[in-house]
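As structure tokens, the structure follows; a few thoughts come after it.
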Amino acid sequence: MDFDLIVRGGTLPDGAVADIGISGETIAAIEPRLQASARTEIDASGNLVSPPFVDPHFHMDATLSYGIPRINASGTLLEGISLWGELKPLLTHEAVRDRALAYCDWAVSMGLLAIRTHVDVCDDRLLAVEALLDVKKTIAPYIDLQLVAFPQDGFYRSPTARENTIRALDLGVDIVGGIPHFERTMADGTRSVTELCEIAARRGLMVDLHCDETDDPLSRHIEQLAYETQRLGLQGRVAGSHLTSMHSMDNYYVSKLLPLIAEAGVSAIPNPLINIMLQGRHDTFPKRRGLTRVKEMLALGIRVGWGQDCVLDPWYSLGTADMLDVAFMGLHVAQMSSPADMARCFDMVTNVNASIMGLDHLGLAVGKRASLVVLDAGNPVEALRLRAERICVIARGKVVAERTRQDTRLSIDGRPAAVNRRHKAT
């Protein structure tokens with residue numbers, strides 16, 4: 001046999017039709033027609049073949065805990081944080097691990113093969129850290145999992161958060177996190193950005209801060225994050241997540257801020273489903289929706305990726321591990337409605353998110369890891385419109401999930417016998 005697996009006749013995101021030959025865990029060939037054989041062949045004719053979906057912002061320690069010990073009645077970010085504080089003492093290693101593994105099963109079924117999760121380090125037991133380190137080992141054959149040491153209650157505000165952050169990194173957590181806007185003062189928030197970036201610089205790690213997740217236009221810690229990125233030579237290794245205060249900032253200040261972010265090479269990770277659900281809760285009308293300035297960032301060359309953030313947890317009561325849902329909501333709230341913008345939103349939840357996470361081994365190219373998805377859609381925009389079914393998911397050269405195409409039978413005189421809502425423009 002020439003290959004272990006061949007995916008035949010799929011449409012790539014750029015519109016080309018090609019066969020993909022896989023040897024072991026690697027894409028060995030991409031050609032219009034491979035004159036070769038394989039142990040396994042998958043017919044992808046007429047369907048989109050995509051890189052795997054990637055989520056650069058999630059909270060796996062809390063996922064699938066919705067309703068424990070109660071529901072977030074106000075729907076606010078702050079009540080969610082308070083509720084998480086009630087839940088933390090009830091956590092067990094087994095419960096965190098089992099819920100996370102269940103979510104990862106969902107993720108695989110949706111072609112989501114790389115996730116960055118923030119894990120709260122303000123529990124002195126570091127129970128969730130140890131549970132997710134176990135999960136990371138378990139799912140390594142099919143999902144890339146990055147862990148962020150996240151002092152949920154504030155790096156300085158919580159008495160042991162600084163020490164616990166260091167302990168978590170020593171245990172093998174990958175990335176330095178923080179939440180500067182949740183410190184007691186703006187000055188403490190600024191100081192936390194500096195120290196967290198210095199810790200990352202000393203250890204050669206990446207940085208991903210929950211930054212300015214508030215409706216307060218004076219929450220400007222992203223400016224300090226951009227400054228520290230340049231001062232410490234962290235360009236390309238830093239992300240600011242949420243950045244919702246930018247929705248409310250003065251336009252003149254933003255005209256200064258965005259070039260600083262671009263110059264520093266800081267990435268932005270808005271989380272549209274959760275940002276528009278949690279923000280603006282103090283408003284009557286007009287009501288702010290809290291999404292950061294995505295199109296303006298993209299226009300300046302800032303790397304922007306969409307994140308999921310939450311699924312069935314103290315902050316969000318919905319979610320299915322579907323990054324197409326995330327991109328679909330993002331393009332609506334950011335008003336990215338042109339064909340090019342919509343295709344870009346698909347790229348944001350695949351290639352761009354992989355780039356933010358430093359996962360250079362992912363992508364549809366010879367020599368890359370053989371992780372890819374076959375979708376019941378003709379192109380990326382149709383995949384978004386339909387939130388297309390994942391017909392086949394391949395991780396490291398192995399088929400890990402399959403689904404039969406689900407057409408709907410019709411019983412209407414004079415109409416087709418089946419419909420699936422795909423559409424070929426005339």
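A compact table of results
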{"quantity": "Any hit, the range 188-208, residues being buried (at least 24 other Cβ atoms within 10 Å of the Cβ), under 30 Å from Thr26 (Cβ atoms) and not hydrophobic (A, V, I, L, M, F, W, C)", "calculated": "yes"}
{"quantity": "Residues located in the range 1-46, provided they are within 24 Å of Asp376 (Cβ to Cβ), open to solvent by less than 50 Å² (accessible area, probe 1.4 Å) and of a type in the set (S, T, N, Q)", "calculated": "Thr11"}
{"quantity": "Test result for Arg220, closer than 18 Å to Gly330 by Cβ and open to solvent by 30 Å² or more (accessible area, probe 1.4 Å)", "calculated": "no"}
{"quantity": "Meets criteria (among the polar types (S, T, N, Q), modelled with pLDDT of 95 or more, open to solvent by 10 Å² or more (accessible area, probe 1.4 Å) and within 30 Å of Ala102 (Cβ to Cβ)) for Thr350", "calculated": "no"}
{"quantity": "Which listed residue is within 25 Å of the chain's Cα centre (by Cα) and among the hydroxyl-bearing types (Ser, Thr, Tyr), from Thr160, Thr214, Thr190", "calculated": "Thr214"}
{"quantity": "Which numbered condition Met277 fails, given (1) open to solvent by 30 Å² or more (accessible area, probe 1.4 Å); (2) in a loop (DSSP other than H, G, I, E, B); (3) under 21 Å from Asp120 (Cβ atoms)", "calculated": "(2)"}
{"quantity": "Qualifying residue in the range 236-250 (condition: within 20 Å of Gly80 (Cα to Cα) and among the small types (Gly, Ala, Ser))", "calculated": "yes"}
{"quantity": "Helices (runs of 4 or more DSSP H) lying entirely in the range 330-386 (those with 3 or more residues that are closer than 21 Å to Asn420 by Cα)", "calculated": "380-386"}
{"quantity": "Where a residue in the range 364-384 is of a type in the set (Val, Ile, Thr) and its partner, wherever it lies, is assigned to a loop (DSSP other than H, G, I, E, B) and at pLDDT 95 or above, with Cβ under 8 Å and at least six apart", "calculated": "Val373/Pro51; Val373/Pro52; Val373/Gly111; Val374/Ala44; Val374/Asn47"}
{"quantity": "Hey, Gln235 open to solvent by 60 Å² or more (accessible area, probe 1.4 Å) and closer than 15 Å to Arg303 by Cβ or not", "calculated": "yes"}
{"quantity": "Residue identified as under 22 Å from Gly307 (Cβ atoms) and in contact with a Phe, Trp or Tyr (Cβ under 9 Å, 6 or more places away or on another chain) among Arg162, Arg220", "calculated": "Arg220"}
{"quantity": "Subset of the range 317-327 (residues that are under 15 Å from Val54 (Cα atoms) and either open to solvent by 50 Å² or more (accessible area, probe 1.4 Å) or part of a helix (DSSP H, G or I) (or both))", "calculated": "Thr320, Met323, Leu324, Asp325, Val326, Ala327"}
{"quantity": "Contacts under 9 angstrom Cβ, first residue in the range 207-218 being within 16 Å of Thr185 (Cα to Cα) and basic (Lys, Arg), partner open to solvent by 10 Å² or more (accessible area, probe 1.4 Å) and modelled with pLDDT of 95 or more, 6 or more apart", "calculated": "none"}
{"quantity": "Unique residue being touching a strand residue (DSSP E or B) at 6+ places or on another chain (Cβ under 7 Å) and either farther than 19 Å from Leu312 by Cα or crowded, with 22+ Cβ neighbours inside 10 Å (or both) when the list is Ala131, Ala168", "calculated": "Ala168"}
{"quantity": "Residue match in the range 105-118 (condition: farther than 30 Å from Glu223 by Cβ, free of Cβ contacts under 8 Å to residues at least 24 places away in the same chain and assigned to a loop (DSSP other than H, G, I, E, B))", "calculated": "no"}
{"quantity": "Flag if Leu64 is within 25 Å of Asp325 (Cα to Cα) and buried (at least 24 other Cβ atoms within 10 Å of the Cβ)", "calculated": "no"}
{"quantity": "Where a residue in the range 25-50 is under 30 Å from Ala140 (Cβ atoms) and polar (S, T, N, Q) and its partner, wherever it lies, is open to solvent by 50 Å² or more (accessible area, probe 1.4 Å) and assigned to a loop (DSSP other than H, G, I, E, B), with Cβ under 7 Å and at least six apart", "calculated": "Thr26/Gly367; Ser50/Pro13"}
{"quantity": "The range 395-407, residues that are at pLDDT below 95 and open to solvent by less than 80 Å² (accessible area, probe 1.4 Å)", "calculated": "Asp407"}
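Yes/no matrix, rows are residues, columns are (1) of a type in the set (Phe, Trp, Tyr); (2) closer than 17 Å to Leu205 by Cα; (3) open to solvent by 10 Å² or more (accessible area, probe 1.4 Å):
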site: Glu86; (1), (2), (3): no, no, yes
site: Pro89; (1), (2), (3): no, no, yes
site: Glu94; (1), (2), (3): no, no, yes
site: Gly111; (1), (2), (3): no, no, no
site: Val119; (1), (2), (3): no, yes, no
site: Thr138; (1), (2), (3): no, no, yes
site: Pro151; (1), (2), (3): no, yes, no
site: Ile175; (1), (2), (3): no, yes, no
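Residue-wise test of (1) out of contact with any Pro (no Cβ under 6 Å at 6 or more places or on another chain); (2) crowded, with 21+ Cβ neighbours inside 10 Å; (3) among the β-branched types (Val, Ile, Thr).
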residue: Arg293; (1), (2), (3): yes, yes, no
residue: Leu300; (1), (2), (3): yes, no, no
residue: Cys310; (1), (2), (3): yes, yes, no
residue: Gly330; (1), (2), (3): no, yes, no
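The values are calculated or read from the model by the stated rules, or taken from the named source; none is laboratory data. Keep in mind it's a predicted model, so treat the numbers as computed, not measured. No Cβ is skipped: glycine too gets one built from the backbone with ideal geometry, and neighbour counts run over all protein chains shown. Surface accessibility is based on the protein's heavy atoms, side chains included, excluding ligands, DNA and RNA. Shrake-Rupley method; radii C 1.70, N 1.55, O 1.52, S 1.80 Å.
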